[in-house]
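As structure tokens, the structure follows; a few thoughts come after it.
The values are calculated or read from the model by the stated rules, or taken from the named source; none is laboratory data. None of the values given here were measured: they were computed from a predicted structure. Note that we place each Cβ from the backbone using ideal geometry, even for glycine, and neighbour counts take in every protein chain shown.
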Amino acid sequence: MANENQTNCDLGYLKREDKERLIKQKSKAIWLTGLSGSGKTTITKMVERELYKLGYLVKVLDADEVRTTINKDLGYTIEARTENIRRIAEVAKMFVNNGIIVFCCFVSPTEDIRNIARTAIGETDFIEVYVNASFNVCEQRDVKGLYQKARKGLIKNFTGLDSPYDKPLHPSIEIATNELSIKPKFK
């Protein structure tokens with residue numbers, strides 16, 4: 001019990017460990033990287049549902065949502081992509097520090113950009129997942145019609161076409177979605 005002269009401000013904030021203990025989980029940031037259409041979001045949706053069934057609290061940060069909200073002021077130059085990832089990595093770190101498992105689904109096209117995220121979040125809390133699908137396979141899937149628009153010149157700086165994508169050097173996990181398939185059974 002605090003003494004009478006101590007105010008609530010003197011108590012300090014709860015620690016990450018306190019929050020993890022409360023919700024009975026260890027927080028991490030799972031960073032999924034890969035070309036548009038490689039399967040980052042599909043994999044995350046399925047894993048999120050499975051973790052929920054097991055009683056885990058998860059937050060998903062997806063590029064489509066982030067690009068229409070907190071990062072809607074950013075374009076697709078390498079500088080804008082770097083800032084996009086820097087901002088979202090800081091948001092992810094806040095969730096991790098509050099005991100939440102956070103999935104980040106972002107192309108994050110270069111090793112330098114992914115290292116910005118890794119550094120911001122912290123090496124021990126960062127799990128890099130390379131969702132590996134070739135440009136040709138992603139273009140065939142073209143779920144959002146982005147590849148077709150990019151080929152017509154309607155989208156500039158499209159990753160894999162006129163903007164680079166560096167395959168991760170040492171991902172924690174690699175999922176070859178060229179070879180593996182998930183048959184979603186969403187209800």
Can you work out which of the residues in region 110-141 that are modelled with pLDDT of 95 or more and of a type in the set (Ser, Thr, Tyr) is nearest to Lys40 (Cα to Cα)?
Tyr130
Which members of region 119-148 meet the condition of being closer than 21 Å to Ile100 by Cβ and out of contact with any Asp or Glu (no Cβ under 7 Å at 6 or more places or on another chain)?
Thr119, Ile121, Gly122, Glu123, Thr124, Asp125, Phe126, Ile127, Glu128, Val129
Qualifying position, being touching a strand residue (DSSP E or B) at 6+ places or on another chain (Cβ under 6 Å) and of a type in the set (Asp, Glu), among Glu174, Glu111
Glu174
Quickly run through region 163-187 and pick out the residues that are modelled with pLDDT of 85 or more and part of a loop (DSSP other than H, G, I, E, B).
Pro164, Tyr165, Asp166, Lys167, Pro168, Leu169, His170, Pro171, Ser172, Thr177
Here are some residues: Asp125, Asp62. Which one is over 18 Å from Pro171 (Cβ atoms), crowded, with 17+ Cβ neighbours inside 10 Å and either touching a Phe, Trp or Tyr at 6+ places or on another chain (Cβ under 9 Å) or touching a residue at least 60 places away in the same chain (Cβ under 8 Å) (or both)?
Asp62
Does Glu79 count as touching a residue at least 40 places away in the same chain (Cβ under 8 Å), under 19 Å from Pro164 (Cβ atoms) and either in contact with a His (Cβ under 6 Å, 6 or more places away or on another chain) or not β-branched (Val, Ile, Thr) (or both)?
no
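So that you can scan it fast, the table gives a plain yes or no per residue for (1) surrounded by fewer than 16 Cβ atoms within 10 Å (Cβ to Cβ); (2) at pLDDT 95 or above; (3) in a helix (DSSP H, G or I):
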{"residue": "Thr42", "(1), (2), (3)": "no, no, yes"}
{"residue": "Met46", "(1), (2), (3)": "no, no, yes"}
{"residue": "Gly75", "(1), (2), (3)": "yes, no, no"}
{"residue": "Ala80", "(1), (2), (3)": "yes, no, yes"}
In region 128-154, how many are assigned to a loop (DSSP other than H, G, I, E, B), buried (at least 16 other Cβ atoms within 10 Å of the Cβ) and without any contact (Cβ under 8 Å) to a residue 60 or more places away in the chain?
0
Which one of these is within 21 Å of Ser172 (Cβ to Cβ) and either of a type in the set (D, E, K, R) or out of contact with any Gly (no Cβ under 9 Å at 6 or more places or on another chain) (or both): Ile101, Ile78, Ile70?
Ile101
The conditions are (1) surrounded by fewer than 22 Cβ atoms within 10 Å (Cβ to Cβ); (2) out of contact with any Phe, Trp or Tyr (no Cβ under 6 Å at 6 or more places or on another chain), and Phe103 fails exactly one of them. Which is it?
(1)
Tally of residues being farther than 14 Å from Glu128 by Cα, aliphatic (A, V, I, L, M) and part of a loop (DSSP other than H, G, I, E, B) across region 89-110
1
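Per-residue answers, yes or no, for (1) of a type in the set (S, T, N, Q); (2) closer than 30 Å to Lys156 by Cα:
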site: Lys45; (1), (2): no, yes
site: Glu48; (1), (2): no, no
site: Val66; (1), (2): no, yes
site: Gly75; (1), (2): no, yes
site: Asn98; (1), (2): yes, no
site: Cys104; (1), (2): no, yes
site: Asp125; (1), (2): no, no
site: Ser134; (1), (2): yes, yes
site: Val137; (1), (2): no, yes
Limited to region 14-60, what total is found for residues that are more than 14 Å from the chain's Cα centre (by Cα) and of a type in the set (A, V, I, L, M, F, W, C)?
7
